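None of the figures in this text is laboratory data; all of them are computed from the coordinates on show. Treat the numbers as computed from the prediction; the structure is a model and nothing was measured. Positions of Cβ are backbone-derived with ideal geometry, glycine not excepted, and every protein chain shown enters the neighbour counts.
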Amino acid sequence: MAARRKTKIQERDLRGWKWLGRFQGLLAAARERVPAGPREEHGLRRLDARQYLSLFLFGLFNPVVDSMRGLCEASHLRRVREQTGAQGPVALSRFSEAQHVFDPGLLRQVISALVEEGGAQLGAGGGAVDARALRIVDSTLWKVVPRMRWAEYGGGRGGTQAVRLHLKLRVSDGAPAEGLISRGKLCERKALAAQLRPGEIYLGDRYYGGDYRFLTAMEKQGCGFLVRLRASAALTWESEEPLSEAERAAGIVRAGRARLGSDEGSGPWRVVRIEIPGREPVLLVASACFADMSPGEIAELYRKRWQVEQFFRWLKCLLPCRHFFAESERGVSFHIYLALIAALLLAAELGRRPGKRLMELLRFHQMGWAEDAEVERGIERDLRAARQAAARKNNA
């Protein structure tokens, strides 16, 4: 049976033009902090960082463009060249080579700028803690094709290839605050150590709480934490806190200050012990801050850690990271950083991270399927209603 021929990309199939200008402004500011390397300044180079990254990001906003070859095909369209700044159609070989030339640090600067803009609009969190300081930390893997040998991960026969995104997610609005791309086998604690920022408070699972020396180092650097401990953690209780009936009903059986580990141990830190019938026998969480919060509030705050799992699912399912446009370590870094930037641009436009239904509407609209005027008006109404609902929620 003959393969079905792909439809040629046309200008009417493409959307997301308005985000290119916003991105290019941020990129120009980032360029002042990340100077061009010698390969970028080569006199024969026809594709600069602005053109390459703009075209790359444009592909993420257009599901009809699903490969590097598709991006290069789209560059034959006049409006695409005008919006991305390309001097002419981009050859596949030039686009492929560009991934080895430019610095992914440019995109990290763009992400930081978007996070700072959004941070000014965030409200305070529970208790006496400013929600702008709260970061959920975790990582996720993308399995990649075997020929990407640089991404070797795990053992076993033949090994496995994977790349890992180490992410810091803002608790306030569920938007990414910082990310680090690595080979799959990089330790999560080492990745976080490279991203520690004084004044931030990290919510993490039991892998982060498994090394007490790491927790001590975080505290010495001026960082707070709320992490889960292993159920077998050695605790030396120094004091206990009274629990309310509501807290006991929620499964909290003990709270107070304790040292972790043998001998003198680390800490003391606040520890909350939770036992819920029918679930894991013990849930232990330790914190180096939240002095004004009750044990129940600390337990409730730790539940917000699940936001990061929802974000990873959203990123993998609704942003096009399932097929990478490039297969080098730098090329994959560009793809994932640009996906995070796309998420931040959408969140800034809508006032929140778009949910599954809204992303379906955006993609439906982008694909050019909504040719009927009435359908298009319906989509615009839905998008407008989503923005208004987000604005009401932010003002509440």
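Observations, loosely collected:
- Modelled spin-label separation between A249 and K18, with each label point placed 7 Å from Cα along the Cα-to-Cβ direction: 4.7 nm.
- Pairs from the table (K18/K143; K18/K190; K143/K220; K18/K316) lying more than 30 angstrom apart at Cα are K18/K143; K18/K190; K143/K220.
- Cα-based shape type of region 9-101, given that a ≥ b ≥ c are square roots of the gyration tensor eigenvalues and the cut on a/c is 1.5: oblate
- In a fully extended conformation the segment linking E117 and E241 would gain 40.7 nm over its present Cα-Cα distance, using 0.36 nm per residue.
- R197-R33 pseudo-label distance in nm [points 7 Å out on the Cα-to-Cβ vector]: 0.9
- Trypsin sites (Lys or Arg not before Pro) within region 285-347, DSSP loop, no more than 15 other Cβ atoms inside 10 Å: R322
- Modelled FRET efficiency - R0 51 Å, R303 with R149, Cβ distances, 0.05 increments: 0.80
- Paramagnetic label reach from R46 (point 7 Å along Cα→Cβ; backbone nitrogen cut-off under 14 Å): within region 93-110, residues 93-98.
- Karplus 3J(HN,Hα) series, Hz, for region 24-35 with 6.51 cos²θ - 1.76 cosθ + 1.60 (x for Gly, Pro): 5, x, 5, 5, 5, 5, 5, 4, 5, 9, 10, x
- Computed from the Cβ-Cβ distance with R0 of 51 Å, the FRET efficiency linking E349 to Q221 stands at 0.90.
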